[in-house]
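J.: I'd like to ask some things about the structure below.
Just so you know, all these numbers are worked out from the coordinates, no wet-lab data involved. None of the values given here were measured: they were computed from a predicted structure. Heads up, the Cβs are rebuilt from the backbone with ideal geometry, glycines too, and the neighbour counts pull from every protein chain shown.
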Amino acid sequence: VKPRIAQRQLDTGSGIGVPAVELAGSSDGPTAAMLAGVHGDEDEGIVAVRRLVHLLAQMDLRGRVVAIPVANPPAFVARSRTSPLDGLNLARVFPGEATGSPTERIARAIADEVIHGADLLIDLHSAGAGFAMPLFCGFHDVGTPSSATARELAIGFGAPLIWAHPLISPGRSLSVAASEGIPALYVEGSGGAQVRGPELDAYTSGVLNVLRHMGNLDEPATDPPAQRIIRGGVGDVDASLTSPADGTLVTWIDAGAPVEEGTLIASFVDAEGELVGEIRSPGHGIVMFLRRDARVRRGDPVVLIAPPPEEI
Ligand SMILES: [Zn+2]
């Protein structure tokens, strides 16, 4: 039996509609909430959620799926990480404010109408237009029952790399889920204002695998590939190593690459071509976030290095 499908707009109280699609299965089961487009320049998740809605519409679903393909419509239209209306990053203002600025109101509506009462949250991101990341599934590993479930689900997603964070950063959709005891995952991919087919497939099959683990879908999950897990590190791109100077960024390594102490990651040249700075890895680890855009100003985020991944 195919699920019933209902489309609606979240009530942000500000004239900004946030489209939601609800798929209700014919039998009882958990409610899975799925977000994409929290950042307006991350098209991978947006396409994946739209694709998942079409796929799930043909499947025998248990329980409910609530899908938000474009969580921050003004940022999506502007193709930017932050909203052009108030300059805010939706992933820093959760749980939001019902009488606040446009982005704060969107956060509140998503927290109240989508995350609240769900049994699972999956928030699909990517590196965005100006940065690169390896494909991975992340979760908060904080010793709670919901984080233990999230760990199982993050492994079940089936990405080759998993990131377990020991702290919950404030302001995220995942922090709302954590405060309500809801298992939550996020996904990152390579960005660059591209949607790569193999990554789109990984996002799509990963979410279906998680829904199979949750019991929303009857079929068994696919066997994951060899997987590695990163334990530790905040995963907050605002904590990146930054450019030491204005100039042009030259990168010497790719996102996902292993680094040792002293590995050259980036150098910086000025308008005369003189070397004006470099970034070397402070230790053993893996490059999880790397700037693509060559034009830099002093203080711009360039690279985030995580502890080295371990075999699972
Ligand atoms: Zn994002």
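J.: Would you mention how many residues in the stretch 94-119 are over 23 Å from residue 203 (Cβ atoms), assigned to a loop (DSSP other than H, G, I, E, B) and in contact (Cβ under 8 Å) with a residue 12 or more places away in the chain?
T.: 7
J.: Need the failing condition index for residue 271 against (1) in contact with a Leu (Cβ under 8 Å, 6 or more places away or on another chain); (2) assigned to a loop (DSSP other than H, G, I, E, B); (3) not hydroxyl-bearing (Ser, Thr, Tyr), just the number.
T.: (1)
J.: While we're here: From the list 271, 255, 226, pick out the single residue that is loosely packed, with under 15 Cβ neighbours inside 10 Å and within 30 Å of residue 156 (Cβ to Cβ).
T.: 226
J.: Does residue 67 meet the test of being under 15 Å from the mean Cα position of the chain (by Cα), more than 16 Å from the ligand (Cβ to nearest atom) and small (Gly, Ala, Ser)? Before the answer, list the steps.
T.: Details: under 15 Å from the mean Cα position of the chain (by Cα): yes; more than 16 Å from the ligand (Cβ to nearest atom): yes; small (Gly, Ala, Ser): yes.
For residue 67, the condition - under 15 Å from the mean Cα position of the chain (by Cα), more than 16 Å from the ligand (Cβ to nearest atom) and small (Gly, Ala, Ser) - is met.
J.: For the stretch 75-93, state whether one or more residues are within 24 Å of residue 183 (Cβ to Cβ) and either away from the ligand (no atom under 13 Å from the Cβ) or free of Cβ contacts under 8 Å to residues at least 40 places away in the same chain (or both).
T.: The answer is yes, given that some residue of the stretch 75-93 is within 24 Å of residue 183 (Cβ to Cβ) and either away from the ligand (no atom under 13 Å from the Cβ) or free of Cβ contacts under 8 Å to residues at least 40 places away in the same chain (or both).
J.: Can you pull out the residues in the stretch 101-132 that are aliphatic (A, V, I, L, M), surrounded by 24 or more Cβ atoms within 10 Å (Cβ to Cβ) and within 16 Å of the ligand (Cβ to nearest atom)?
T.: 106, 107, 110, 121, 122, 124, 127
J.: Within the stretch 181-199, how many residues are within 16 Å of the ligand (Cβ to nearest atom), aliphatic (A, V, I, L, M) and at negative phi?
T.: Total meeting the criteria: 4.
J.: Please state which of the following conditions residue 220 fails to meet, knowing it meets all the rest: (1) within 16 Å of the ligand (Cβ to nearest atom); (2) in a loop (DSSP other than H, G, I, E, B).
T.: (1)
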